[in-house]
Amino acid sequence: MRRILILVVVALLGGAAIFLSAPHDFQEDNELYPNRVPISWRVGIAFPSSGLELFDRSSVGRWDNIVAKIKAELVVHGFNENNIVVAQSSERVEQVKQIDEMLEKDNLDCLIVVPVELSKDQIIAQQGDTTWNYLRAKYKDVLAESVTANDPKILENSPYENVGEESPLDENGLKFYNKLLVQLQQYSLEDRLRKAKEANILTVGFGSDNVNDFPFDYFFATPSAEDVANVQAGFAVAHLGLPELTADGIAPEKPTDWVAKNVEVMTQDALKPNSKRYFTQLWKRIKPYFDAGYLRSGSGLLTEKTTAEDYIGVSVIEDGDKAAGIMHNRLDKYYKQDDAAHRLSFVFAQTDAHARGAVRACVEAGWQQSSSRWPIITGSGAEKITVADIVEKKQAMSIAYDSSILSTAVAQYLFDFAIGQPSMNGQSVNNNALLSAAVSPSGTAYFAQVPLKDGELQNMLIARPVTITADNLKEFMVDSGYISPQEAGL
């Protein structure tokens, strides 16, 4: 029997997307799968501690709820619940140690891993001192305002809080990061995955990112930071009256009476990879409108000379209060005058926390949602705390996805593999009513082959992002069972 390692990578998008999943009728599921047979494999699940949530303000996003969903789907597909072992951890190194122990002692056939997110200090340790030099030289003032002053210590004695100072990487700082780097190299998740492949263990990924472009045997993908950027850019084109770009990505010449519309952007913390990924794709989509004079940024943070590397200048800690402070400063400095040339038209907020900050800043500025002063504000995550703003149209949209089909697909993939029929091709999907519906043109997921850095193609099932507005919020968030009508203010 071939042993299986499943890596379930549920990474934060550029914010995290909500898990929309109504309570499952498992009796109904069993009727859809009449040929189920018992699966004897032992399954280990390693995931972050319950306190770490997919997004901070929703119990639905708690890791224990997500793992419970995966376990339930495995049981439906014939796996024995008594053979499923779980382990929680709050730090990456601790998690890798747990995985080592599970692989050594629990005689596992399957291992499901939800990786613990690297800390900012660990990210810096991996990137080296070039990160510090770049941040300090180019964005010292911005970082001092939006990162350093608002962010608590990440770890005891962490030099991270000193970003913006003249020499954050002094002798003690280098020792601190070198120690972290040694730890990360010694307890490398990627290394464990490669060893698994060498041992003929099947590897399956799940999430918006893999581990350093690791070539999984199959990958079940949540919407990525690029997906968030594309949805928000499309929303801006539709609601600002912008023309479609040509096939060459060029904006048509603007009408002579067009007054450039002001837009602002807030991305995640600059040290998070999704911050750059989101901004790179967003800027690819909206830069042509800057070049042609359709869009401008009153704050001057975005110009036709802006490049993808300038994402740091618009990065803001993912916190509503901090985002409100940053946006308040921009409104106070650049958008006090009430005329077309100084009116803020659109805010690209990478997450709902940033959107919430933008809403608060607009309210504090005395703007009314029903007036021409109120900008279109986007977000992502569809967090419960954001629902009221969406219902009241203070926040125009958010982004979510349906995780149910991904959980089902993972279990189906394992089941089919166990009985000698590797799935996720057209034939096997057509034999599964839920998956067949999911990958239909109007379904919630689609198949793709995505090239990795080495040119190898990664087979993927990808969940489609869903745009949530006041018009469809009831359908996707209330009728799905995610929140009650009372919580939604309906």
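No lab work stands behind these numbers, since they all come straight from the coordinates. Note that the structure is predicted; figures quoted are calculated from it, not measured. Cβ sites come from the backbone with ideal geometry, for glycine too, and all protein chains shown count toward neighbours.
Here are some notes:
- Exceeding the 20 Å Cα-Cα cut-off - candidates Lys276/Lys305; Lys272/Lys394; Lys393/Lys474: Lys272/Lys394
- Rounded Å value of the spacing that divides the Cα centres of region 77-122 and region 176-249: 20 Å
- For a label point 7 Å along the Cα-to-beta-carbon line of Glu117, residues of region 262-278 with backbone N under 16 Å: 267-278
- Extension gain, Lys333 to Lys474: 0.36 nm times the residue separation minus the Cα-Cα distance gives 47.0 nm.
- Tail fraction, Cα-Cα pairs, region 344-413, threshold 16 Å, whole percent: 49 percent
- Sorting 453-459, 75-81, 383-389 by average packing, meaning the other beta carbons within 10 Å per residue, from highest down gives 383-389, 75-81, 453-459.
- Ranked by the mean number of other Cβ atoms within 10 Å per residue, highest first, peptides 348-358, 220-230 order as 348-358, 220-230.
- Taking Lys333, Lys71 and counting other C-beta atoms within 10 Å, the order from fewest to most: Lys333, Lys71
- 5 angstrom amide H check on Ile39, placed H, neighbours 5+ away: Phe79, Asn80
- Working ranking of peptides 301-307, 412-418 by packing, defined as the average number of other Cβ atoms within 10 Å per residue, highest first, is 412-418, 301-307.
- Counting other Cβ atoms within 10 Å as a rough exposure proxy, the listed residues Ser436, Ser380 run Ser436, Ser380 from fewest neighbours to most.
- As an equivalent ellipsoid, region 226-399 spans semi-axes of 23, 19, 15 angstrom, where each value is the square root of five times an eigenvalue of the C-alpha gyration tensor, largest first.
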